[in-house]
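The values are calculated or read from the model by the stated rules, or taken from the named source; none is laboratory data. From a predicted model like this one, the values you see are computed outputs, not experimental measurements. With ideal geometry, Cβ positions are generated from the backbone for all residues, glycine too; neighbour counts draw on all protein chains shown. Note: areas computed on protein heavy atoms with side chains; ligands, DNA, RNA excluded. Shrake-Rupley method; radii C 1.70, N 1.55, O 1.52, S 1.80 Å.
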Amino acid sequence: GVTTAAGYKLQLPPVILLAGNTGAGKSTLARIIAASAICGDFNFETGEPCGVCPDCENALDEGVVNGSNFMFIEGGKKEVVETDLRHFVHKSPWNRARANVCIADEAQGLTQGARQALLTLTENLPARSHIIFTTTDPEAIDIAIRGRCTCYYLSPLGVDDLVDGVCRRRPDMDTPEARAGLAILARDSGGSMRQLWSWVQRWDSYQEPLTEDGAAVVCGGATKAMRDRLWACVDAGDFGGIEKTWHAMLVAGAESERLAKQLGLDMFAAAAEKPLSRDWTRVFTMWSQARDTEGYLTVLMAMTQSPGRLADGLNIQELAESRSEEHTSELQSH
């Protein structure tokens, strides 16, 4: 190990396992660790790789799978481990590189033969070689291999971290309006930078600045104006308007499950602002039990009732059956 001027101890374990949800940054972190281990111009005072030498460029470029001192495999078969990887880890680092590093990405996809070969390989790994596993399912990695790894578990990224990460790559989005839109996308991404970035790239096709309404649309939701129209129908007790507005949002590109999440957040905001306007406990219970468009519409129509009637026990099943009978009558009349 090496101690930096700041007093940090630098010693990379021979075998590392990075586990976490999809999009948590496992592959990116693995590449940063690889660059730090390989870089011949590593700055021991700051504890950072130079980022510009060929070895750093190979390790940090997501499009590179092989370099003189860097190897990236996704999944993998026994032959790849027994031939390519075995030769790679046993050779001396080239030029000024300090180590050889292999990243076995999505290691839960390794074949059984590859796992057995890796078990043997990790038992006698040369001192200047390192293997970094990444996985979404650490239990799928053989316990014998995990026992040889230094394991790190990555938590889902927070909203602020996700937004900041996008703004670093896209300075044009570092505006109050765009950050507000990114925050909406980030909250629905499940902590996945990969999911958030895919939505950002989808929005690019619109060739417009990102806004909160734009974010709602691009991830399968509805604009605030459309949702306000729906809530106006609920307040007015307009059953037909509720149904027409819901279907209009679906036609405009909203997805039922995503729309349900948005409306749920609207309900929480309304409950905080006007806690006595409805029996919110019952509303939230019914909403959480709804599973499809029919269920969500039934709850919305039940919300048109006064707080007293809802608290008295409006029979949601009866309301659903009543709506079904009305729909059947309309079809027969036609």
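Okay, here's what the table says:
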{"read-out": "Residue check for LEU18: open to solvent by less than 10 Å² (accessible area, probe 1.4 Å) and in contact (Cβ under 8 Å) with a residue 60 or more places away in the chain", "value": "yes"}
{"read-out": "Residue match in the range 196-203 (condition: part of a loop (DSSP other than H, G, I, E, B) and over 25 Å from LEU17 (Cα atoms))", "value": "no"}
{"read-out": "Candidates LEU265, LEU259, filtered to the one that is within 22 Å of ASP188 (Cα to Cα) and modelled with pLDDT of 90 or more", "value": "LEU259"}
{"read-out": "Enumeration of residues in the range 106-123 that are open to solvent by 50 Å² or more (accessible area, probe 1.4 Å) and under 14 Å from ARG148 (Cβ atoms)", "value": "GLN116, THR120, GLU123"}
{"read-out": "Count of residues meeting criterion [under 30 Å from PRO13 (Cβ atoms) and among the aliphatic types (A, V, I, L, M)] in the range 151-195", "value": "4"}
{"read-out": "Leading residue by the ranking (most open to solvent (accessible area, probe 1.4 Å)) among those in the range 28-60 that are touching a Pro at 6+ places or on another chain (Cβ under 9 Å) and in a loop (DSSP other than H, G, I, E, B)", "value": "ASP41"}
{"read-out": "All positions within the range 138-159 that are open to solvent by 40 Å² or more (accessible area, probe 1.4 Å), without any contact (Cβ under 8 Å) to a residue 40 or more places away in the chain and within 25 Å of the chain's Cα centre (by Cα)", "value": "GLU139, VAL159"}
{"read-out": "Residue under evaluation GLU123, criteria (1) closer than 19 Å to ILE16 by Cα; (2) within 29 Å of the chain's Cα centre (by Cα); (3) of a type in the set (D, E, K, R), criterion not met", "value": "(2)"}
{"read-out": "Hits in the range 76-102 - residues which are farther than 18 Å from ASN58 by Cα and open to solvent by less than 10 Å² (accessible area, probe 1.4 Å)", "value": "VAL81"}
{"read-out": "Hits in the range 211-246 - residues which are under 26 Å from ASP174 (Cβ atoms) and either touching a Lys or Arg at 6+ places or on another chain (Cβ under 9 Å) or part of a helix (DSSP H, G or I) (or both)", "value": "GLU212, ASP213, GLY214, ALA215, ALA216, VAL217, VAL218, CYS219, GLY220, GLY221, LYS224"}
{"read-out": "Filter pass, SER68 being open to solvent by 30 Å² or more (accessible area, probe 1.4 Å) and hydroxyl-bearing (Ser, Thr, Tyr)", "value": "yes"}
{"read-out": "Test: residue in the range 171-188 that is of a type in the set (A, V, I, L, M, F, W, C) and without any contact (Cβ under 8 Å) to a residue 24 or more places away in the chain", "value": "no"}
{"read-out": "Matching option when the condition is of a type in the set (Ser, Thr, Tyr) and in contact with a strand residue (DSSP E or B) (Cβ under 8 Å, 6 or more places away or on another chain), among THR136, THR111", "value": "THR136"}
